[in-house]
Amino acid sequence: MTRSHAAVWCVVAVLGGVTASRSLAAHHGTLVSYDREKAWTAKAVVTEFRYVNPHAQLYFDVTEDKTHAGQWSGELLPNPAQLIASGWTRKRSLEALKAGTAITVTVAPARAGGMVVLIMRILNEKGEELLGGAPPPGAPARPLP
């Protein structure tokens, strides 16, 4: 192989690497987009649940908490594959989180502001954990398994 051929292949390899790394960096960075230090918990009512990629979406209304009252949209940290692995199939999720269901949510607000949050924990009216597992604000962190 000549020097010019080697140089061409080197350039192709570098450009391929740069292209691949840009694709990997394109993910929205869920953990960076939300401020977990400002997490809050409130009673809410589900208005809609969408079991979609890359993260399931929950829409809910907060009315009792004046500080956080309004219509919110949030994404769950686990993706659908992780939800399925933990037993939360599309059918089970849609039944447990149908419109009108009263819940308690613990969320982290978006750093960019607005009525968008990362949903860290969802409890039903009985206080049973539906999704999540993140400790509520002020509670000690749970030990890793």
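The values are calculated or read from the model by the stated rules, or taken from the named source; none is laboratory data. Just so you know, these numbers come straight off a predicted model, no measurement behind them. As a convention, Cβ positions derive from the backbone with ideal geometry for all residues, glycine included, and neighbour counts pool all protein chains shown.
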### Message
So V117 ticks every box in (1) aliphatic (A, V, I, L, M); (2) part of a loop (DSSP other than H, G, I, E, B); (3) modelled with pLDDT of 95 or more but one. Which box is left unticked?
### Response
(2)
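With respect to E37, determine if the residue is assigned to a helix (DSSP H, G or I) and either modelled with pLDDT of 65 or more or surrounded by 14 or more Cβ atoms within 10 Å (Cβ to Cβ) (or both). Let's see the steps before the verdict.
On the way: assigned to a helix (DSSP H, G or I): yes; either modelled with pLDDT of 65 or more or surrounded by 14 or more Cβ atoms within 10 Å (Cβ to Cβ) (or both): yes.
Yes, satisfied.
Going by the conditions given, is E75 farther than 14 Å from W40 by Cβ and part of a strand (DSSP E or B)? Walk me through how you get there before you give the answer.
Values: farther than 14 Å from W40 by Cβ: yes; part of a strand (DSSP E or B): yes.
The answer is yes for E75.
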### Task
Find the residue count for region 70-92, including only residues that are touching a helix residue (DSSP H, G or I) at 6+ places or on another chain (Cβ under 9 Å) and hydroxyl-bearing (S, T, Y).
1
### Query
Restricting the first residue to region 94-113 and requiring it to be within 15 Å of T67 (Cβ to Cβ), which pairs with a second residue that is surrounded by fewer than 21 Cβ atoms within 10 Å (Cβ to Cβ) and of a type in the set (S, T, N, Q) meet a Cβ separation below 6 Å and a spacing of at least six or different chains?
T106/T41
